[in-house]
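So the structure is just underneath, and the comments pick up after that.
The values are calculated or read from the model by the stated rules, or taken from the named source; none is laboratory data. Treat the numbers as computed from the prediction; the structure is a model and nothing was measured. Quick reminder, even Gly has a Cβ in these numbers, built from the backbone with ideal geometry, and neighbours come from all protein chains shown.
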Amino acid sequence: MEQPKFKRVILKLSGEALAGNAGYGIESDVMTSIAYQIKEVIELGVEVAVVVGGGNIWRGIAGSEQGIDRATADYMGMLATVMNSLALQDALENIKVPTRVQTSIEMKQIAEPYIRRKAIRHLEKGRVVIFASGTGNPYFSTDTTAALRAAEIEAEVILMAKNKVDGVYSADPFKDKTAEKYDTLTYMEVLNQNLGVMDSTASSLCMDNNIPLIIFSITENGNIKRVVLGEKIGTIVKRKGSAE
């Protein structure tokens, strides 16, 4: 049996990744592909938690720019992540992967409240845990949620799945043909060069807790498994001097 490099991981999915080429909403073929990729990793014995964004439905910052109160707009974005999480749960359970959704905002009719010890217990039992509604607080992104939950459940790595790029570049590769793809970076380089991998709060949290980050493309089937097995795809971001 293939030996995974990691035992417990956080998979960060952007809302845009769930929309596929449509750009808005949820594309069923994309959701099914992601579910099967997660199942491949679970079958390796890896414990998988997922943080899902909501940008395919609603973005708090965009809402605030339209005149909606920023906190209200952010709460609306949190509800969008719950919709995505329930859709992912359904896709996983359709292929016999046991799943639990935990929300930072209590809505017990449809999901469990986030409880750290309960989440860890689910993971130990082989269940996929999907963390929804961000941190439960406005002004914090789902990137920060991924960093926070990774620290709390002692995940070994955050896998940041992208649907448009296959790593981190020195510039926008769609606009600048000379843009250079990085194989490895430190968190200080990400922050100092403003590379936009994740927001500064999330980057600092990962750096302070020595949590590596791997950015890769999810559009190619099997990539989550390849990353978990240690293949060198995408870009690795880590604290300076830490081991891969």
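Worth a mention:
- Checking each residue in the stretch 180-203 for being among the small types (Gly, Ala, Ser) and surrounded by 15 or more Cβ atoms within 10 Å (Cβ to Cβ) picks out Ala202, Ser203.
The rows are residues; the columns are (1) free of Cβ contacts under 8 Å to residues at least 24 places away in the same chain; (2) aliphatic (A, V, I, L, M).
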position	(1), (2)
Ala22	yes, yes
Ile26	no, yes
Met31	no, yes
Ile34	no, yes
Gln37	no, no
Glu43	yes, no
Glu47	no, no
Asn56	no, no
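- Within the set Ile120, Ile130, the sole residue that is modelled with pLDDT of 95 or more, of a type in the set (A, V, I, L, M), closer than 18 Å to Lys12 by Cα and surrounded by fewer than 20 Cβ atoms within 10 Å (Cβ to Cβ) turns out to be Ile120.
- Of the residues making up the stretch 202-228, those that are within 16 Å of Thr144 (Cα to Cα) and out of contact with any Phe, Trp or Tyr (no Cβ under 7 Å at 6 or more places or on another chain) number 11.
- Members of the stretch 55-109 that are part of a loop (DSSP other than H, G, I, E, B) and either of a type in the set (S, T, N, Q) or within 18 Å of the chain's Cα centre (by Cα) (or both): Gly55, Asn56, Ile57, Trp58, Arg59, Gln66, Asn94, Ser104, Gln109
- Restricting attention to the stretch 15-54, the residues that are in a loop (DSSP other than H, G, I, E, B) and modelled with pLDDT under 90 total 2.
- Selection within the stretch 227-244 - touching an Asp or Glu at 6+ places or on another chain (Cβ under 7 Å) and part of a strand (DSSP E or B): Thr235, Ile236, Lys238
- The requirement of being closer than 21 Å to Val129 by Cβ and surrounded by fewer than 18 Cβ atoms within 10 Å (Cβ to Cβ) is satisfied by Glu156.
- Strands (runs of 3 or more DSSP E) fully within the stretch 110-226 that include at least 3 residues being within 26 Å of Val41 (Cβ to Cβ), in contact (Cβ under 8 Å) with a residue 40 or more places away in the chain and touching a helix residue (DSSP H, G or I) at 6+ places or on another chain (Cβ under 8 Å): 128-132, 157-162, 213-217.
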